[in-house]
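The values are calculated or read from the model by the stated rules, or taken from the named source; none is laboratory data. Bear in mind that the values here come from a model prediction, so they are computed numbers and not experimental data. Methodologically, a virtual Cβ is constructed for each residue, glycine included, from the backbone with ideal geometry; neighbour enumeration extends over all protein chains shown. Calculation scope for accessible area: heavy atoms of the full protein, side chains included, ligands and nucleic acids excluded. Shrake-Rupley method; radii C 1.70, N 1.55, O 1.52, S 1.80 Å.
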Amino acid sequence: MKASSVSNKRQKRKRISVLIPCYNEEENVVAMSKAVEEELKKSCQAYDYEIVFIDNHSTDNTRPLLRALCKNNKKIKAIFNARNFGQFNSPYYGITQLDGDCVISISCDFQDPVELIPTLVQKWEEGAKIVAAIKTQSDEDKFVRFLRTCYYKIIHKMSQVEQIEHFTGFGLYDKAFIEVLRGLHDPTPFLRGIVAELGFKRVDVPYKQARRRAGKTHNDWYSLFDAAMLSFTSYTKQGLRVATIGGFTVSVVAFLLGVAYTVAKLLYWNRFVAGTIPILISVLFLGSLQLFFIGFLGEYIMSMNNRIMNRPLVIEEERINFD
């Protein structure tokens, strides 16, 4: 009877699922799994846990290392993607595949502090459905952080949905919120915007982002631009409004300048000298303005196209240690 009672208590323990997205992190995966497990055993002893790596088609030694980790510890699991599905799809898909009472998403490069896990769990137990870790300080390049801050300010002004400044996705998500994520069927999900949009009870926890422990960052300027455009096209319509209003304004100004040019030519024909340089500059300006707005409109069209095609978020190649 006592043994049965103990067994039932163990089954009723809440489970924490820790998701660690990775791509070419051979220098970090082993240390990261060890750090997370040690923190969970030290600070979250009342909970069951699992540590799940979702590998976005690494080309280095990451996968063999993950296989070894999974072989030696059944609480460590892995999902291997068939190819690289991007920096947003892979973590989002990983979150929806876990069935813990909560999921903690944390980066594999140690920029997100493992020591913050107990605080996230505590805020969750106090009633928060989402605990968002916010970068209030960072050891990253100051110019890059300045650009990020400017981006957040702009998107905050333009978006009708609250945007969480300096939130990267690091945080804790309750299973009720994850169940909603499973039902969205968004082929181009932007988790940072979804967290703010859906209205679940959220608590923000500040932290200082450290530098990458080892390896090379994969967030180049193109990936940052891709993130910015996904946010703009998903949560703002002001860009299109600016294009419409801007195009109308420029056309009015061009019309008035044309009228002024014609009047001046008629009244002062003998003294009027038609300059080719001002005309050339005007043509180049108007042409570049048109190309800019066409490109901006194209970003919206690409976003719509991805959603219309409704391709799968991720295609799995293999799972390890999943029942």
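General remarks:
Matching residues to (1) at pLDDT 70 or above; (2) over 30 Å from Asp55 (Cα atoms); (3) touching a His at 6+ places or on another chain (Cβ under 7 Å); (4) surrounded by 13 or more Cβ atoms within 10 Å (Cβ to Cβ):
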residue	(1), (2), (3), (4)
Val252	yes, yes, no, no
Asn270	no, yes, no, no
Leu291	yes, yes, no, no
Phe296	no, yes, no, yes
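- Residue in segment 185-192 that is among the aliphatic types (A, V, I, L, M), under 18 Å from Pro91 (Cα atoms) and either at pLDDT 85 or above or part of a strand (DSSP E or B) (or both) present: no
- Which listed residue is modelled with pLDDT under 95, aromatic (Phe, Trp, Tyr) and either in contact with a strand residue (DSSP E or B) (Cβ under 8 Å, 6 or more places away or on another chain) or not in a helix (DSSP H, G or I) (or both), from Phe110, Phe143: Phe110
Rundown of residues vs (1) open to solvent by less than 30 Å² (accessible area, probe 1.4 Å); (2) within 15 Å of Tyr23 (Cα to Cα); (3) at pLDDT 95 or above; (4) part of a loop (DSSP other than H, G, I, E, B), yes/no style:
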| residue | (1), (2), (3), (4) |
| --- | --- |
| Glu50 | yes, no, yes, no |
| Phe53 | yes, yes, yes, no |
| His57 | no, yes, no, yes |
| Leu65 | no, yes, yes, no |
| Ala68 | no, no, yes, no |
| Asn84 | no, yes, no, yes |
| Gln87 | no, yes, no, yes |
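- Complete set of residues in segment 70-80 that are of a type in the set (S, T, N, Q) and either open to solvent by 50 Å² or more (accessible area, probe 1.4 Å) or touching a residue at least 60 places away in the same chain (Cβ under 8 Å) (or both): Asn72
- Contacts under 6 angstrom Cβ, first residue in segment 112-130 being under 19 Å from Arg192 (Cα atoms) and open to solvent by less than 50 Å² (accessible area, probe 1.4 Å), partner in a loop (DSSP other than H, G, I, E, B) and among the basic types (Lys, Arg), 6 or more apart: Ala128/Lys201
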